[in-house]
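Every read-out reported here was derived from the displayed coordinates using simple, explicitly stated rules and does not represent laboratory data. Remember, predicted model here, so these are calculated numbers, not experimental data. Here Cβ is always computed from backbone atoms with ideal geometry, including for glycine, and neighbour counts include all displayed protein chains.
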Amino acid sequence: MPKSNTIPIPKQLSSIKALGKGTDLEKAIATTILVYYLYADSDGRITKADAIDMLQTQFHNFTQGQETKPKYKELMTDLEQDKDRRIDFEDVMVLLLSVSLMSDLFQEIRHVKNTK
């Protein structure tokens, strides 16, 4: 469950001097880190249950429609087993990338026209 008394992510990003002229990719990764730490405990880890919550609340456009895909089911089954086990940022990044790559939204984004 994310912390409830946090400063909004855009305000946190604007307070990071190095990101003032940061690239879109740098800001995207910084946002991912900030969202992760909304869920993290004092040791910088989150429970598998919180990872599920984060996917459902912060990543729902990527998870939508994935429920029947075998690889997604496998990922979710792993998270649902031993929900109190803590995972770190690296594990969450691998999870986010895995879900992203299998998502229908990834395919849609991949085909967006990006030239004039």
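What to note about this one:
- Among the listed pairs LYS17/LYS69; LYS21/LYS116; LYS3/LYS73, those beyond 31 Å (Cα-Cα): LYS17/LYS69
- Dimensions of the chain along the principal axes, based on C-alpha atoms and rounded to the nearest Å, stand at 44, 41, 21, largest first.
- Extended-chain gain in nm, criterion 0.36 nm per residue less alpha-carbon gap, ILE87 and GLN56: 9.5 nm
- Separation in nanometres of the label points that stand 7 Å from Cα toward Cβ, at MET76 and ALA49: 1.9
- Of the residues ASN61, ALA28, GLN81, the one whose Cα sits farthest towards the positive end of the charge dipole of the chain is ALA28 (charges of +1 on Lys and Arg Cβ, -1 on Asp and Glu Cβ, taken about the Cα centre).
- Charge tally around GLN56: other residues with Cβ under 12 Å, Lys/Arg +1 each, Asp/Glu -1 each, net -3.
- Theoretical gain in end-to-end length, THR31 to PHE106 [0.36 nm per residue, Cα-Cα removed]: 25.1 nm
- Here is the list for the range 5-93: GluC sites (Glu not before Pro) lying in DSSP coil, each with at most 13 other C-beta atoms within 10 angstrom of its C-beta, are GLU67.
- Test item: Cα-centred dipole of the range 9-110, Lys/Arg +1 and Asp/Glu -1 on Cβ, debye: 380
- Relative contact order of the range 12-116, taken over Cα pairs closer than 8 Å and 6 or more residues apart, is 29 percent.
- Taking trypsin sites (Lys or Arg not before Pro) across the range 11-65, the ones in a DSSP loop with at most 11 further Cβ atoms lying within 10 angstrom of their Cβ are LYS21.
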